[in-house]
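The values are calculated or read from the model by the stated rules, or taken from the named source; none is laboratory data. Keep in mind the model is a prediction, meaning the values are calculated, not measured. A quick note on method: Cβ atoms are made from the backbone with ideal geometry, for glycine too, and the neighbour counts reach across all protein chains shown.
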Amino acid sequence: MKTVILGTAHGINVPGKCSPDGRLREWLYSRQVCLMVRDSLRQRGVKCIIDIEAEREPSLAARIAMVNRLVAQHRDCIYVSIHNNAAGSDGCWHGARGFAAFVAPNASPQSRRLAAIFHHSAVGAGLQGNRCYPPSGYYVQSLAVCRDTACPAVLTENLFQDNRDDVDFLLSPSGRQSIVDLHVNAIIEYLGL
């Protein structure tokens, strides 16, 4: 049985990772969603670990080293890092909306398959937003948590923290549950359960 490692987004010590009105704080939202995903997966018998539950984020190198230690300890793992996207860094509202999954340029076929499943799950949930997707359905970018982890890895960007409608949806109970369900359903499909 695979172990699912969930990655939290940034930390309280990383500035600017929030909605323009301050209602959505990425570090907190990510940790809340990770806890809900973990609990739901565990109820289904899936072994699941959250990489960093603390509020403060260690360096990126320390995070990757910790994830790789977990991979060495549990062996058969996947890593899903859960974030909120942003169209700008200017503290203003923007028009971009929707879900995206990312893999690294060196991504394994397993990472790419998991990212494609996430994309199809997002489309099925009506969370694709208003942007064009690459033909694969996922984006390729040299993100360290995908590039340098020692197991299949995907980073999810769960709607935009600088889009008013996305923020309203994300902060609603039904919106948060939709994000949790998207992750749980994609992971369960990938694991073949």
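One table, with the values for the structure above:
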{"quantity": "Residue selected from segment 99-124 under the condition among the aliphatic types (A, V, I, L, M) and touching a residue at least 60 places away in the same chain (Cβ under 8 Å), by the criterion nearest to Leu170 (Cα to Cα)", "calculated": "Ala122"}
{"quantity": "Any hit, segment 8-18, residues being in contact with an Asp or Glu (Cβ under 9 Å, 6 or more places away or on another chain) and at pLDDT 95 or above", "calculated": "no"}
{"quantity": "Qualifying residue in segment 18-36 (condition: free of Cβ contacts under 8 Å to residues at least 24 places away in the same chain and among the polar types (S, T, N, Q))", "calculated": "no"}
{"quantity": "Yes/no for Ser40 being at pLDDT 95 or above, surrounded by 12 or more Cβ atoms within 10 Å (Cβ to Cβ) and more than 21 Å from Tyr139 (Cβ to Cβ)", "calculated": "yes"}
{"quantity": "So Val37, is it more than 22 Å from Asp148 (Cα to Cα) and either polar (S, T, N, Q) or in contact with a helix residue (DSSP H, G or I) (Cβ under 8 Å, 6 or more places away or on another chain) (or both)", "calculated": "yes"}
{"quantity": "Answer from Gly7, Gly16, Gly22 - the residue that is in contact with a helix residue (DSSP H, G or I) (Cβ under 8 Å, 6 or more places away or on another chain) and among the small types (Gly, Ala, Ser)", "calculated": "Gly7"}
{"quantity": "Looking only at segment 92-114, and only at residues there that are closer than 14 Å to Tyr138 by Cβ and out of contact with any helix residue (DSSP H, G or I) (no Cβ under 9 Å at 6 or more places or on another chain), the one that is surrounded by the fewest Cβ atoms within 10 Å (Cβ to Cβ)", "calculated": "Pro109"}
{"quantity": "Which numbered condition Ala87 fails, given (1) hydrophobic (A, V, I, L, M, F, W, C); (2) more than 28 Å from Ile188 (Cα to Cα); (3) touching a helix residue (DSSP H, G or I) at 6+ places or on another chain (Cβ under 6 Å)", "calculated": "(3)"}
{"quantity": "Residue in segment 82-93 that is at pLDDT 95 or above, on the phi < 0 side of the Ramachandran plot and more than 18 Å from the chain's Cα centre (by Cα) present", "calculated": "yes"}
